[in-house]
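Have a look at the structure below, then the notes.
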Amino acid sequence: MSKKVLVLGEAREGALRNVSFEAIAAAKQVADGGEIVSLLFGDAVQSMGEELIKYGADRVVTVEHPHLKHYTSDGFGQAFMEVYEQEKPEAIVFGHTAMGKDLSPKIASKLDTGLISDVTAIEGDGDDAVFIRPIYSGKAFEKVKNKEGLLFFTIRPNNIESLTKDEGRTGDISSVSVDIANLRSVISEVVRKSTEGVDLSEAKVVVAGGRGVKSADGFKPLEELAQLLGGAVGASRGACDADYCDYSLQIGQTGKVVTPDLYIAAGISGAIQHMAGMSNSKIIVAINKDPEANIFKVADYGIVGDLFEVIPMMIEEIKKI
Ligand code: FAD
């Protein structure tokens, strides 16, 4: 049966996040030829609609309001429910991002429906689609099928490939006004600790440091390597707890989940809680002094050595290219 699918897009600082396009590709797979409607909430998002159409959305609905400049579950939740009531879709897709993780259970509960969260792949299409998602902190995968009713799922960023951009594609972009003047919470200002560099959750290359980095200064070679490779710096909780870096860099069960093309783990032992956030990376390179370190069990390439010798060598070689 063909389905109308509502896809929640995400924008940050005036640019769409890749997961918005990946979610459209996932929506196409389950829609069985049905309409793909992308949603975008914010204070000035109308101009980004065309990009969503070029990546496969049939129609874009935007909701613009000063209270939607920054995400709150209250504001986005109300905006989503209003659009949902107007559109009455058969399926909903969100990114499994900080926002999607927060908002999707709330919406599922309001709609009294199930939620297939953190999907990393979809086998088959239309009503036969089977959703694959990690369980037990990534130690196993389960296959889930939606038996009946509304289909609602979230996709892990960087796992489902977006469709090829079609510059010639056109579609309707409309704006809906919603009554969200009386929210319980509104974010008036966001003060960022750091705004530089590539977004860790969407980075194609991540260079992560652990307690083996030994100090905040010890992160400098990792930062240089990440910059050379066009990637982002991440960290283990060990490094964050030791105050070598900010908790916003933490990868793992209680941090960010990343699936870059290349993950370089330097001075990280490979605790199960860390691996929950990175073991699905496409290529894992581990640098550790201890040949018995657990991280080597998931590494595609292992370097037994001192990171303060190995990373400068890598930097030197890359600079020659
Ligand atoms: P360590 O385990 O101390 O490892 C340091 C490694 O560096 C060692 O293997 C050592 O051989 C190597 N090393 C030292 N010097 C060098 C050198 N010069 N060159 C090369 N290698 C060197 N952890 C996370 O990362 N993310 C999470 O989200 C997370 N969530 C958690 C949730 C819970 C409920 C709990 C209980 C724990 C959680 N942890 C998490 C913590 C986790 O269990 C580990 O304690 C932590 O990951 C260890 O960090 P580490 O590998 O940097 O440090």
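The values are calculated or read from the model by the stated rules, or taken from the named source; none is laboratory data. This is a predicted model, so every value here is computed, not measured. Virtual Cβ from ideal backbone geometry, glycine too; neighbours counted across all protein chains shown. These accessible areas exclude ligands, DNA and RNA; they are computed on the full protein's heavy atoms, side chains included. Shrake-Rupley method; radii C 1.70, N 1.55, O 1.52, S 1.80 Å.
Cross-link reach is defined here as a Cα-Cα straight distance under 20 Å, omitting same-chain residues fewer than 8 places apart; for LYS28 the lysines meeting it are LYS3, LYS4, LYS54, LYS88, LYS143, LYS145, LYS147, LYS165. Solvent-accessible surface (1.4 Å probe) assigned to GLU90 amounts to roughly 70 Å².
With the helix formula -39500 (n - 2.57) applied to DSSP H stretches of n ≥ 4, the chain reaches a computed 222 nm mean residue ellipticity of -7500 deg cm²/dmol. Protection proxy ranking, highest mean first, for peptides 267-274, 240-247: 267-274, 240-247, where packing is the per-residue count of other beta-carbon atoms within 10 Å, averaged. In percent, rounded to a whole number, the relative contact order of the chain is 15, using alpha-carbon pairs under 8 Å and six or more apart.
Between region 271-308 and region 224-247, the C-alpha centres lie 15 angstrom from each other. For ILE303, the residues whose amide H sits under 5 Å from its own are ALA286, ILE287, ASN288, ignoring neighbours fewer than 5 places away on the same chain, with H placed 1.01 Å from N. Count Lys and Arg as plus one, Asp and Glu as minus one, and take only other residues whose Cβ is under 11 Å from that of LEU39; the net charge is then -2.
Only aspartates and glutamates eight or more places from LYS320 in sequence, or on another chain, were considered; those with a Cα closer than 17 Å are GLU224. About its Cα centre, region 8-47 has a charge dipole of approximately 80 debye under the convention of +1 per Lys or Arg Cβ and -1 per Asp or Glu Cβ, with nothing else charged. The DSSP beta bridges internal to the chain are antiparallel in roughly 20% of cases.
Remark on SER175: its backbone amide H falls under 5 Å from those of THR62, a criterion applied only to residues 5 or more positions apart or on other chains, H modelled at 1.01 Å from N. If you take all other residues with their beta carbon under 12 Å from the beta carbon of ILE284, and give Lys and Arg +1 and Asp and Glu -1, the sum is 0. Averaging Cα coordinates gives a centre for region 103-119 and one for region 157-183; these two points are 20 Å apart.
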